[in-house]
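So the structure is just underneath, and the comments pick up after that.
Please treat every number below as a calculation from the coordinates, not as lab data. The structure displayed is predicted, hence computed values, not measured ones. All Cβ positions, glycine included, derive from the backbone under ideal geometry; neighbour counts span all protein chains shown.
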Amino acid sequence: MNNNFIRIIPKLDIKNNLLIKGINLEGLRVLGEPYDFAKRYYEMGADEILYIDNVATLYGTNELSKFISLTAKNIFIPLGVGGGLRTFKDIEKVLTKGADKVCINSAVIENKKFLINAAKKFGSSNITIIIEVLKLKNKYVLTKSNGRDIIKIDPVAWAKQVEDLGAGEILLTSVHKEGLKNGFDIEITKKISKAVSIPVISHGGAGSFKDILDVIKKTNISGVSISSLFHYNSINNKKKLSTKLGNLDFIKKQKKKKNNLNIINELKKFLKKNGVNLRYEKN
């Protein structure tokens, strides 16, 4: 039984200053302006927002500054930012712009001391470690760079290690589930959330309210990170589409689908009805 107070966290993946979404972190589609979606989720009752630059590590860049500042000024819930954060200067810049915490993956895999020193300098509560897990031939492997690079480390052992090194939280992404909307990987989520005492946020696979309820009830997570289920619902409810957007034919097809006017509020009502403790409830 999960007695944690659960956070509902929209995750916004960004490339070239635009919100994107794909399947298994590949085949990315442009959906719109990140801040517009973040503002909408805030108004719907989201507990936190995550901005992740999907190509920052690949290209050695991080260009989310303008979104961080704008969001911090107008959206008054915790903001996590990740992608391409490799130095103390990178972290300091993001936090100074208004982020509440940073999300790191590759830099820590490549240099464990970076996590130790970052936790000491900025505080463990400001450091979230992204753990990307891929299931291959019934075996779970650790990855980085959006699943492109396989690391020969057991994911559960790695979760324990980053906790010991100073991480304040884990964002667990099941790469093989990401974008498919066919349910979370309960097995690996249960193993990792049970192995550590720090909060674990589960991401990858949310296709229905039931999927979200299942991962909460069957594991010890403290939050659920959701992309596709929220993004496409928001597209359905947008009155205007920017001419700057790509994939307009795809977006217009999404607009024809049935949707919830406030999907986050409806989700929270559903979870509360089914006995889930929530961090925040929108009236």
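What to note about this one:
- A simple spin-label model places pseudo-atoms 7 Å from Cα toward Cβ; at K120 and N74 they are separated by 4.1 nm.
- Sequence ranges 71-78, 39-46, 88-95, ranked by mean other-Cβ count within 10 angstrom, highest first: 39-46, 88-95, 71-78
- Too-long pairs where the Cα-Cα distance tops 27 Å, listed order kept, from K101/K273; K73/K177; K39/K181; K73/K210: K101/K273; K73/K177; K73/K210
- Peptides 208-217, 135-144 ranked from most to least packed by the mean count of surrounding Cβ atoms within 10 Å: 208-217, 135-144.
- Ranked packing of 98-104, 126-132, most packed first, by mean Cβ within 10 Å: 126-132, 98-104
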